[in-house]
Amino acid sequence: MAKENAADMSHLKELESTSIHILREAYANFKNLGMLWSIGKDSTVLVWLARKAFFGHVPFPLIHVDTSFKIPEMIEYRDRFTREWKLNMVVGQNKDALEKKMTFPDGNVDRTTCCKYLKTNALKDTLAGNIERLRFNHEKNQYETDPSALPFTAVVVGVRADEEGSRSKERYFSPRDKDSEWNVGEQPPEFWSQFKTDFAPGTHIRIHPLLDWTELNIWEYIEQEKIPTVSLYYDQGKGMRYRSLGCYPCTTPVESTSKNVSEIIEELRSGKFANIAERSGRAQDKEGGGLETLRKEGYM
Amino acid sequence: MKHTNEKKQREAKINEKMNIVIVGHVDHGKSTIIGRLLSDTGTLPEGKLEVIRENCRINSKPFEYAFLLDALKDEQAQGITIDAARVFFKTKKRHYIILDAPGHIEFLRNMITGAARAEAALLVIDAGEGIQENSRRHGYMLSLLGITQVAVVINKMDLINFSEEKFNAIVSEYQNFLKEVKIDPKEFIPVSGMQGDNISNKSARMKWYAGNTVLEALDSFQKKKSLSELPFRMPVQDVYKFTGYGDSRRIIAGTIESGKVVVGDEIIFYPSGKKSTIKSFEAFNEPQSFAAEAGYATGFTLSEQIYITRGEVAAKKSEPPPRMTTRILVSIFWLGHHPMEKNREYFVKLGTTKASAVLEDIHRIVDASTLQYVSKSQIEKHDVGECILKFKKPVAFDVAEEIAPLGRFVIIDNFEISGGGIIRENLPDKQTWVRNIVQQRNSRWLKSKITCGERAEKYNQKAALLLLTGSSESELNNFAVNLEKSLFEDGKIVYYIGLESIASGLDADIDNAAIPAKNQKEHLRRLGEMIHIFLDAGMIVIAPIEGLTKDDIGLIEAMVNPDFIEVISFLDSAREKIDADLVFKQDDEFINVYARIKQVLRARGIIYSPW
């Protein structure tokens, strides 16, 4: 390392350093900081980067929005690493919509509306502390109702600019108004590693440390760091694997025989997916206003 | 089979990444060029082009490559690029991230957001329209942002029948302008983005042009030079001690902006001037390392524990130190809706410091689109101003020309980043002489094994200086002894000291008759040094100074950590209007005054509750 200079700095080291810098800025500037963990590969890399930034610890809560339709293995994985990595885990859910069966799998609303209820609204309410939040108690080894309803005013999210159009417009520090809405046309300037860390009461900030990473970078980093990932990403012998993880009724696997991380990297480099969008297995992106409308309303 | 392996190997090797920005006047075809680059390099995801073609068909608009980038609906409705979108593509040489910067003046902040991250820039000019306002403005902004690798793309050559003569005319006019802003473009490329000439394929219609295509020009840009050869600078982001997680390491964390350090290097932190030695580098899931350099987000522990906080700049004792002053000469570009005004307070973010500053004076305002000087008393949106900023407390920085990352800053006005600037020169202020002494003193200070945090814990108080002022010396002293007694009786470790007390002893060598004004300052300096010792010992010091001026406070602040100082003023008798933390009338009752002082001390965490 001593003889290297920035020009020789590996591309992963460069990405990692920027992300760590952003995470430390976020931690230094925002008191009620949380990080969304969807259990997918991107936000898992984000959790790992937090452990890098804070020397093995994640000194703020991780927030998971449980739609109840997540693939069961994802939840097992979440709880396993919550224990192993001693994470401060907070889980929220839109119980109201689930009880009233206002969901797509129940056949009562379309996909986009279902996303809006179970993800966007659940997320907003979890962040605001409007609904019951569960917090993992490491001593008792179980989830308990979180006595704190303190709103999160800053949230770290693992979106990447190369995922789809609207995400390419994001800032590293992106303000949302009090209704979590995103004003794309009026974003603050952001330059010289100086971010918007001052904000008027009532607004909150989304922080995006992974903005410059590509899908390939994510897998390369998972390989380099040996980050454990959910097995759904790998072919179990049926010639299928998930490329992007979501709720099972709306996420479909892709045809692939990649059985491990290095095979996925090979596959991505070979250009097999070069012409297919990563989220092509996510049905909600294709309906109506799709992801863009969802995001303006506060979706990740 | 062999072929595939070779291809794989080649693909696997392309890890180099470069951020580039494409700037220029609105409608000069930036997005079209990007769209064409994506299409020519085979970067588009399947279906993306079809969706956009379909969109155009429905809206009965002719298909344009630009639509690829206008990913958001409301953008397509307006037909202008709102934001600095990121687009990825790769060539045989490296991966590129294009930060598309809008050409519309209203979106200058987005142009800057895109351009500031770039290592190189393409400046696009419409051959038909020629050089426009933002062709110049963006050129100037690139120069301010420190981007020196520039290629100029003369687009829409089809509109001028691919004429070499007209091309040359634009080149020579624009070259003259760029010279003035100290940009030396690598090349001028005639293209037609719409028809694909000289983007990735040499144009058959411009045989007179022998230079690079746009794609070739991109690949010939050099990677940004490492700043590792410059003096070491690391703005401290935080000091971590995760005791709650069973971790007792105390880690100074930050991203190294320039230079390199190894274990055992002596480090001085600025502006405090405190000194220590790097004991170890800390990291998670990485092999132990013994060195770090520019570009790395790192963390290290120190051999001797010193109290430092976020915002200080770490430098090496063996290298030139950063500058330190309260006044700097800067070039500011303003983006705020509300103009930047003289004598109004702003926050300046420089490195990890956030400091309060006022615009002391405007030397001149430059119209960025013409480079003409205009006379204005405030810096308006999109103006570039050469001016003087004055900080409340001294800040550590470098001149932009020497160490760029430590020589630039942003300005916060009403919660928003409203401008940016680069530091041209540091200007002397009234405290420079004292600061030089203090720096020497701090770097040679013999350290105790007891930290100031340990003292605070033991004494149940934080060190603080209570500066009292008013016009009646006897009443001030009277108040000071009462305050000392009350704090003492409340269990605080407190000491009252006045200028008079040191006049005949410590200051016996000063000849007051010789040069009274300077000697007054020397008295104050010695008092300040004594106070510094008391504060280091963890005490609360009460110092009454009759007729305290702003300059006096500045001088004491240069010697004592300003965060330790509370200024208490008796308003109706003060000689000069000073920025006091607490203001009382001469005849206020002591018991009430004391209660309010306690309240403030508690709020500042100097004394703890319960009292």
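The values are calculated or read from the model by the stated rules, or taken from the named source; none is laboratory data. As the structure is a prediction and not an experimental result, all values here were calculated from the model. Positions of Cβ are generated from backbone atoms using ideal geometry, with glycine treated the same way; all protein chains shown enter the neighbour counts. Side chains are part of the model used for accessible areas, which takes the heavy atoms of the whole protein and leaves out ligands, DNA and RNA. Shrake-Rupley method; radii C 1.70, N 1.55, O 1.52, S 1.80 Å.
Observations, loosely collected:
- If the convex hull is drawn through the Cα atoms of chain A, its volume per residue in Å³: 146 Å³
- Ordered from highest to lowest accessible area with the whole protein assembly present and a 1.4 Å probe, A:GLU84, A:GLU255, B:GLU187 read as A:GLU255, A:GLU84, B:GLU187.
- Shown here: the protein assembly as shown, whose C-alpha atoms stretch 92, 76, 49 Å along the first, second and third principal axes, sorted largest to smallest.
- Here's how it looks for B:ASP383: its modeled amide H is under 5 Å from those of B:TRP334, which are all 5 or more places away or on a different chain.
- Shape of segment B:425-478, Cα gyration tensor, a/c cut at 1.5: oblate
- For a straight C-alpha distance cut-off of 12 angstrom, the aspartates and glutamates reachable from B:LYS354 (same-chain residues fewer than eight places away being disregarded) are A:ASP198, B:GLU312.
- Rounded to the nearest 500, the helix-only mean residue ellipticity at 222 nm of chain B stands at -9000 deg cm²/dmol, with each DSSP H run of n ≥ 4 adding -39,500 (n - 2.57).
- DSSP beta bridges fully contained in chain B are about 65 percent antiparallel.
- The value of relative contact order for segment B:337-444, using C-alpha pairs under 8 Å at least six residues apart, is 23 percent.
- Per-residue surface analysis assigns B:CYS56 an accessible area of about 10 Å², computed on protein heavy atoms at 1.4 Å probe radius.
- Each residue was assigned an accessible area with a 1.4 Å probe, and for B:TRP445 the value is about 80 Å².
- Residues with amide H under 5 Å from that of A:ARG243, placed H, sequence gap 5 or more: A:VAL254
- Residue-wise HN-Hα coupling along segment B:396-407, computed from phi with Karplus coefficients 6.51, -1.76, 1.60 (Hz; x: Gly, Pro): 9, 6, 10, 6, 4, 5, 8, 10, 3, x, 9, x
- Ordered from highest to lowest accessible area with the whole protein assembly present and a 1.4 Å probe, B:VAL262, B:VAL23 read as B:VAL262, B:VAL23.
- For B:GLY24, residues with placed amide H under 5 Å, excluding near neighbours: B:VAL124
- Taking a straight line from the alpha carbon of B:LYS430, these lysines sit under 18 Å away, with near neighbours fewer than eight places off in the same chain left out: B:LYS390, B:LYS392, B:LYS393, B:LYS518, B:LYS521, B:LYS550.
- Once both labels are positioned 7 Å from their Cα atoms along Cα-to-Cβ, the gap between B:LYS92 and B:THR41 label points is 1.5 nm.
- Take every pair of alpha-carbon atoms less than 8 Å apart whose residues are at least six positions apart; their mean separation over the length of chain B yields a relative contact order of 9 percent.
- Equivalent ellipsoid of segment B:328-429: semi-axes from √(5λ) of the C-alpha gyration tensor, largest first, are 20, 15, 13 Å.
- Against the empirical curve 2.2 N^0.38 Å, the C-alpha radius of gyration of segment B:221-337 lands at a ratio of 1.18.
- Protein-only accessible surface at a 1.4 angstrom probe places the residues B:ASP511, B:ASP184 in the order B:ASP184, B:ASP511, largest first.
- Degrees, to the nearest 10: B:550-559 long Cα axis against longest axis of chain B: 90 degrees
- Mean projected area of the Cα convex hull of chain B, taken over all directions, amounts to 36.5 nm².
- For segment B:228-316, relative contact order (Cα pairs under 8 Å, six or more residues apart, normalised by length) works out to 38 percent.
- More than 23 Å apart - percent of Cα-Cα pairs taken over segment B:440-603: 39 percent
- B:LYS354 accessible area, assembled protein chains, probe 1.4 Å, Å²: 100 Å²
- Phi to ³J(HN,Hα) by Karplus 6.51 cos²θ - 1.76 cosθ + 1.60 over segment A:189-195, Hz, x for Gly, Pro: x, 8, 8, 6, 6, 10, 10
- For chain A, the 222 nm mean residue ellipticity estimated from helices alone, with every DSSP H stretch of n ≥ 4 adding -39500 (n - 2.57) and the total spread over all residues, rounds to -9000 deg cm²/dmol.
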